[in-house]
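Structure first, then comments.
The values are calculated or read from the model by the stated rules, or taken from the named source; none is laboratory data. These numbers were taken from a predicted model, which means no experiment stands behind them. Ideal geometry is used to build each Cβ from the backbone, glycine not excepted, and the neighbour counts take in all protein chains shown.
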């Protein structure tokens, strides 16, 4: 198609270039959303880095642009850790909704939230329903670590946990300069006793279930995980786009 | 100082690294704030790119960390252009305040808003006052194009205007891949008649005064402008930090 | 009892007839609540039709009147489909609460919400607790498809899903003119990948679990399902009424 | 037209059938709105039954679909009578507006409120104006008993009143099983002294003017009234549609 | 330590005694929270009594003071039972948050909510996150019956249920004068059918799962349960305190 | 009366016992309300302990049950003292009103607030009026130290003051383990100059008038004060109950 964008990054396009590709060449945008929060031994920006890495890999095959990341989200139990930040749930929902609505107004009928942080999930769900109700925009919010639990198990033999197997693996593969394997100690991890809410959480690696796993610093496995996750996300987005096409 | 951070980018530090430098080695953070908006022939992300470039240059000499950019701001007169986005002033103020307050909570007593977009200025001013009132945090919001009007005149012989001389020059020097000089036509510019508010604005280069200037694509001048702007901003931040030191 | 109502439909009684039966002959009312929403190959009113059919069957044996159906509810993921409608959760909760409170004021101490739509469930739960707190009214909200999952399995060998096995079967038995079996194609169904919110949902038959089932157009099975569901709902309502009797 | 709907009842259409007729074959919908309230000797649902009967008669000639009735409205002076119910004016307006707005979103550009209850009139008027302002939808709210006062006089020699001549006649013709002529006593009627507001109203037949009339149980006259009302409403709707056509 | 408090009960200390122990000797406080609500055959104050008994047992070993109990919580489904009381969720959250925030202001950096009532759980969770965000206080909310399900199974062979095995056992051991075994009848228990909300709940013993158990009045087992629960809660609190110590 | 409750403490009754006594045997409840606040040399819980002691003495003769104490109130001028806590006036009013309203709903037509803390007085007054308006409940709020000023003067020769003569005497008699006479120093007391509001108050014994008195640690006088106060409160409650009886 002659209208293929010069770059997939919306921010790098001039408005004339944008005008020539949206919505004719594509009306889909990938919007990474994360937070700034402590993770075992990966950088505070882990929840932004991972969806950005996925976006970079899938933008071309799913034919979408990439909007700038919304980097500050809803941090709860790890807010006490040095470097963690948070906004309130209500403010997050307003800001993200207005950004997405504005993207819809400028021509995107499809918005894919690539979410990197579990604390944002509930608000993103509400935003999705509201985007159709108020803007007739189609949206997909995607928690990669839930969608790809199977992929994590395949590579590592067990599931993830916050700051654990899957997140650490993704960062090793995507932005290795953000990993400090030398700082790893097993007691960074903590599995909450049932029936408790603990704030702040006393461990920067959270094990949700007894079969969650600790970090594994093998770069080969990490590369395989990134590949598998990107493939799964890409296939899921393409399938949802295909189905939407039938009802548009 | 043994506590010098491995990198100036907050998001790339682990929480252990952050704990070892904030606030002991530094309690200052640079927070770039911009918007996604049409500019003559530079990318839609121009207002984010420029403060990010300044931050990268001054973080070391002013001894501060760099927080992730808040990329979606208050776009007004150019919202109708393809690719422009906006959030409401109230939502912007809530989101930016909460991010800055959270940075204060995690140890930064000084927050420098490196602002790239004139539509954000009023809200940032209110946020600054509120940050001290509620968090006892010291803050500085800085509109580089106003602070450095003299520098622009020195390099180009006249001032800037939205999407004009100074912004185009900064992008040419900082991220040349975001400039499409071949798309430039003089009639992209429009000088509003006095006493008018026009929405949408009928030109993506806005000349505010009769002596505002059109883009100049000379890369040498652009380099000189970037140097001059960064020096001026750096000196200004250092002077403000010094004065604050006297009253802390 | 000489006060047996001439008809079970509240709307068909004159106020004099109502005065003679409520609360003496009965102080229980069945209130069907649904929505107008796309379902695979059954009518847009499926979620209203089914609880109305159940109400018609059980009103006599449970000794209750039937109030007019509230036909517009909270549609979320299928709102984009042609003919779907929705009201906001807050408005739904206000309207349904006030209707039920008004029924309590006019003499019904027991209100049974026969709910036909999963999107209403959360609000109905809150309404139930509020009805006692504010009106001292006893209430029961009943999602027939959850209560009768066992019955669906018995008849069809697997469970339902939106617009799938159980809903289609109920409509075939209750209002066959609302079914268009000839429009059925297996790809109307879609099973959401884990970790995703998709709005609009790209399929008008939603499979929640891998063992949910597609529609089966056999009228005999449909008749058996309707019988089994009505028996189960009837027995449940009678049992709850009996237990309430002991604590009134 | 090949796209004539299989049935005029929106709720009985599948979404595929709806998609094939709205808006191509018609973009008009009839929405009956009433309340549940005491009327002299006709059923509590009188205000819903009458607009439903009118809708059934005119849907074909005016080429519109019929949406499910909103059965609970704003009952005021007769709320104290057994079986009467009410919602607050604010809640009614929110609910009805959101239903109508949702119908507009799914393809109806014209919404006809067939109103059966005087207590709803003010709110429906506000809803009409708001529907255009917010949804660009065309709407018509129609109080049949006001529009057709002339027809009532022609058939009975005098006008109606709540629960009196015209309403009783319409129910006799439309749903005779909802009439209990044997319960009729003249003192059910009350004519309020001028300058008074009485709550609750001490009579379930309200005579507004000295020439309002008491019920007449002659089925022939009732049939003639129903015919005359439906003709007048049909002609009115068609004329309004024709005029709208000129400005669309 | 010379600063060991004369008594663990905050209310019995003078302010001079308090000043000498908080925060130097301890900055942790146990805050029992419950409700006044019907339970099978134990007192209406069961949900306050149990956490008070736990607090009395663990205050010394975990080195904390005990604040006065907040005795009125959020009762929902059993509100209709004689003697049950409730406050609204919003008021509960405000009151408990302000009490805890005030405890933080007077020197406690750690607040342990010993919760006795499931209806409070959601609000306590929100309060925990807010306590850190607004007060930098560390908090732990603990539902003993969830944390100690294993202990209940060990002693009785099955789990609890409201007013069932575990709660009755705890009251028998802690405050036997609040138990009326002679009033026990098996039909006090009720297991809700799936897909239903019932308000009021028709049984003052609620069985959540089919393997929940009915009360067992054996005092030996009760004593063993209380011992096991207190040991488990004590160990959990100590472990969380230890982990917090590492990140403070 | 065969329905005399086994115990006067509501929390110790089962719901079946409660059902058998309320409202038949009594429909009156005593609700102690206080705060946690510094007092000269008596415990922080002084304002809860005293009304609890009064309740225990008068419940039988006035024929009322005793509800659990609301222990956290509105502390103002002494909030800065170690161990003092407070909730906001608005939150206090909401919480106490809802508790009392809920007691009214479960059968108490008479609620007696035994108040131990002057900071609560204004809000309790408003709550009393609202309880009748919204719940038709009769209520009496009683500040014992005002009601019994005469009794204090009789025993000690002068009046009380916060943490002074009367409060210290009551605690000596009721819960002597909460008194630390050895900590007493006359300069704990402060008499505010007229026309001043001082926050925090610079003394934990407040002398309101020139004839207020300092603590007197004589246990005999304390015992006489407690007797006199309980007699006066008892007589007052009985008289109010008698007068209410005439208008019920």
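Against the condition farther than 18 Å from residue B:48 by Cβ and in contact with a strand residue (DSSP E or B) (Cβ under 7 Å, 6 or more places away or on another chain), how does residue B:168 come out, does it pass? Taking the combined requirement at face value, the residue does not satisfy it. Residue C:166 meets all of the listed conditions (1) over 19 Å from residue C:77 (Cα atoms); (2) within 11 Å of another protein chain (Cβ to nearest Cβ) but one, namely (2). When region E:77-90 is filtered for residues that are in a helix (DSSP H, G or I) and more than 19 Å from the chain's Cα centre (by Cα), only E:90 remains.
Filtered by the rule that a residue be crowded, with 23+ Cβ neighbours inside 10 Å, touching a strand residue (DSSP E or B) at 6+ places or on another chain (Cβ under 9 Å) and either in a loop (DSSP other than H, G, I, E, B) or at the interface with another protein chain (Cβ under 9 Å from one of its Cβ atoms) (or both), region E:101-114 gives E:103, E:108, E:113. Checking each residue in region A:134-157 for being over 23 Å from residue A:214 (Cα atoms) and either touching a strand residue (DSSP E or B) at 6+ places or on another chain (Cβ under 7 Å) or crowded, with 20+ Cβ neighbours inside 10 Å (or both) picks out A:137, A:138, A:139, A:140, A:141, A:142.
Considered as a group, the residues in region A:76-100 that are more than 7 Å from chain B (Cβ to nearest Cβ) and within 22 Å of residue E:247 (Cβ to Cβ) include one that is surrounded by the most Cβ atoms within 10 Å (Cβ to Cβ), and that residue is A:78.
Within region C:35-68, the set of residues being at the interface with another protein chain (Cβ under 7 Å from one of its Cβ atoms) and part of a loop (DSSP other than H, G, I, E, B) comprises C:36, C:38, C:41, C:43, C:44, C:45, C:68.
Here the condition is being outside any loop (DSSP other than H, G, I, E, B) and either within 12 Å of another protein chain (Cβ to nearest Cβ) or crowded, with 17+ Cβ neighbours inside 10 Å (or both); of C:216, C:187, C:227, C:220, it holds for C:187 alone. Residues in region B:74-104 that are out of contact with any helix residue (DSSP H, G or I) (no Cβ under 7 Å at 6 or more places or on another chain), farther than 19 Å from residue A:17 by Cα and in contact (Cβ under 8 Å) with a residue 12 or more places away in the chain: B:77, B:99, B:103.
Only one entry in B:118, B:164, B:122, B:160 is closer than 30 Å to residue B:228 by Cα, touching a residue at least 40 places away in the same chain (Cβ under 8 Å) and surrounded by fewer than 21 Cβ atoms within 10 Å (Cβ to Cβ), namely B:118.
Screening E:236, E:197 for residues that are in contact with a helix residue (DSSP H, G or I) (Cβ under 8 Å, 6 or more places away or on another chain), within 14 Å of chain C (Cβ to nearest Cβ) and not in a loop (DSSP other than H, G, I, E, B) leaves exactly one candidate, E:197. A single entry from C:80, C:56 fulfils the requirement of being modelled with pLDDT under 95 and farther than 27 Å from residue E:81 by Cβ: C:80. Scanning region A:155-184 for residues that are assigned to a helix (DSSP H, G or I) and out of contact with any helix residue (DSSP H, G or I) (no Cβ under 7 Å at 6 or more places or on another chain) yields A:168, A:176, A:181, A:182.
For residues that are out of contact with any strand residue (DSSP E or B) (no Cβ under 8 Å at 6 or more places or on another chain) and over 16 Å from residue B:170 (Cα atoms), tally how many sit in region B:209-233. Count: 1. Restricted to region E:1-28, and to residues that are closer than 30 Å to residue E:178 by Cα and either in a helix (DSSP H, G or I) or within 10 Å of chain F (Cβ to nearest Cβ) (or both), which residue is modelled with the lowest pLDDT? Among them, the one singled out is E:6.
Among the residues of region B:125-149, those identified as part of a helix (DSSP H, G or I) and in contact (Cβ under 8 Å) with a residue 40 or more places away in the chain are B:144, B:147.
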